[in-house]
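*Asks:* This structure is in structure tokens; I'll ask about it shortly.
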Amino acid sequence: MSGSLTIVGLGPGAADQVTGAASEALAAATDIVGYGPYVDRVPERVGQQRHRTDNREEIDRARHALEMAAEGRRVAVVSSGDPGVFAMAAAVFEAVEMGEAAWRALDISVVPGISAMFAAASRLGAPLGHDFCAISLSDNLKPWDLVLKRLRAAAEGDFVIALYNAASKARPHHLGEAFSLLREIKGPDVPVIFATAISRADEAIEITTLGEADASRADMRTLVMIGSSATRLVERPGARPFVYTPRRIDG
Ligand code: SAH
């Protein structure tokens, strides 16, 4: 049988948020490749080989997966959430573009997953009901100045902003700096949500405002959402408020 490479999204964490197509792709694979904690989320199958790698070796991991597919193996590369959102799919296509000509003839496909912003939004209500954007705060793969430029543009455009990679030990001050910049443009009253470990056992959600937001509430498992000027809360007795952004903005 000829080889194949499928880049599979595992969703935000819970087993019941893995799609049927993702489960089928994982079950059909001879090899599972990915960052260790993600590979660990894939149910073990007899005869299937597992290749756990460090999170920073994306391109090497992609090349290794392509080499195995070229040898005739059925390889599944796994990512959390959706594999096309700040994840492995782009690394695979970059490796294909830069790599051996024969790799372009391989059977390569992408299986989507539920991205963290959608998982978080579903817990809150409908915060992404109108125009929104997603920005990674990580400066591992781009200059911090570019992050600030995009944050400013997103705030001026009054988008709801989903911030991925909002915090890490290597960059403790970045989220605070992002909040300061956004506050200058959006003001203190827009809702801010810290959505941590969504769909997992230790899920935590905190709803606050840009004026009050404390950057230390975010860790590596947190998606931070910043509302637009239209985003609002629907208060409820004895329960967390719903957060939504209306579908309609009158001119
Ligand atoms: N491809 C992934 C994103 C990878 S970047 C996706 O589509 O979701 C990693 C970042 O995603 C984390 O730093 C965090 O900001 C976010 N994230 C991933 N899983 C999450 C979860 N279960 N809850 C909240 N945020 C999550």
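The values are calculated or read from the model by the stated rules, or taken from the named source; none is laboratory data. These numbers were taken from a predicted model, which means no experiment stands behind them. We place every Cβ from the backbone using ideal geometry, glycine too, and count neighbours over all the protein chains shown. Ligands, DNA and RNA are stripped out before the accessible areas are found, and what is left, the full protein with its side chains, is counted by its heavy atoms. Shrake-Rupley method; radii C 1.70, N 1.55, O 1.52, S 1.80 Å.
*Asks:* Compute the helix-to-body angle for 88-98: its Cα long axis versus the longest principal axis of the chain, expressed 0 to 90° and rounded to tens.
*Replies:* Computed tilt is about 50 degrees.
*Asks:* Helix 144-156 versus the longest principal axis of the chain: what is the Cα-based angle in degrees, 0 to 90, to the nearest 10?
*Replies:* The answer is roughly 50 degrees.
*Asks:* Indicate the gyration tensor shape class of the range 142-213 (rounded, prolate or oblate), computed on the Cα atoms with a ≥ b ≥ c the square roots of the eigenvalues: a/c under 1.5 is rounded; otherwise a/b larger than b/c is prolate and the rest oblate.
*Replies:* Oblate shape, in that a/c is at least 1.5 and b/c is the bigger or equal ratio.
*Asks:* Regarding the range 117-244, what are the three Cα extents along the principal axes, ordered largest first, in Å?
*Replies:* 44, 32, 23
*Asks:* If ligands, DNA and RNA are left out, what is the accessible area of ASP16 with a 1.4 Å probe, given in Å² to the nearest 10?
*Replies:* Using a 1.4 Å probe on the heavy atoms, I get roughly 130 Å².
*Asks:* Then there is this: In whole Å, how far is the Cα centre of the range 14-61 from that of the range 110-167?
*Replies:* Taking the Cα centre of each part, the range 14-61 and the range 110-167 sit 25 Å apart.
*Asks:* Quick one: if you take sqrt(5λ) for each eigenvalue of the C-alpha gyration tensor of the range 1-105, what semi-axes come out, biggest first, whole angstrom?
*Replies:* Equivalent ellipsoid of the range 1-105: 20, 16, 12 Å, largest first.
*Asks:* Right, next: Working from Cα positions, state the angle (0 to 90°, nearest 10) between the long axis of helix 58-70 and the longest principal axis of the chain.
*Replies:* With rounding to tens, the tilt is 30 degrees.
*Asks:* Additional query: Which values, in whole Å and largest first, are the semi-axes of the equivalent ellipsoid of the chain obtained as the square root of 5 times each eigenvalue of the Cα gyration tensor?
*Replies:* Working through the eigenvalues yields semi-axes of 36, 20, 16 Å.
*Asks:* Multiply the residue gap between GLU100 and SER2 by 0.36 nm, knock off their C-alpha separation, and tell me the result in nm, one decimal place.
*Replies:* Computed gain between GLU100 and SER2 is 33.6 nm.
*Asks:* Evaluate E = 1/(1 + (r/R0)^6) for ALA239 and ASN55, where r is the Cβ-Cβ distance and R0 equals 35 Å; express this FRET efficiency to the nearest 0.05.
*Replies:* Using R0 = 35 Å, I get an efficiency of 0.45.
*Asks:* If I model a spin label at GLU24 and PHE93 as a point 7 Å from the Cα along the Cα→Cβ vector, what separation in nanometres do I get?
*Replies:* Placing both labels 7 Å along Cα→Cβ, they lie 2.3 nm apart.
*Asks:* Moving to a separate point now. How much of the accessible area of the chain, probe 1.4 Å, is carbon plus sulfur, in whole percent?
*Replies:* Its accessible area is 50 percent carbon and sulfur atoms.
*Asks:* To the nearest 20 Debye, how big is the dipole of the chain about its Cα centre, given +1 on the beta carbon of each Lys and Arg and -1 on that of each Asp and Glu?
*Replies:* I would put it at about 320 debye.
*Asks:* Suppose every K and R has +1 on its Cβ and every D and E has -1 on its Cβ; what is the size of the dipole of the range 117-244 about the Cα centre, in Debye to the nearest 20?
*Replies:* With Lys and Arg at +1 and Asp and Glu at -1, about 240 debye.
*Asks:* Among 68-76, 242-250, how do they line up from the highest to the lowest mean number of other beta-carbon atoms within 10 Å?
*Replies:* The densest-packed peptide leads the list: 68-76, 242-250.
*Asks:* Relative contact order, percent, of the range 4-114 when contacts are C-alpha pairs under 8 Å separated by at least 6 residues?
*Replies:* Relative contact order of the range 4-114: 43 percent.
*Asks:* Would you list, by chain and number, the lysines whose Cα falls below 19 Å from the Cα of LYS186, excluding same-chain residues fewer than 8 positions away?
*Replies:* The reachable lysines, counting only those whose Cα sits under 19 Å from LYS186, are LYS149.
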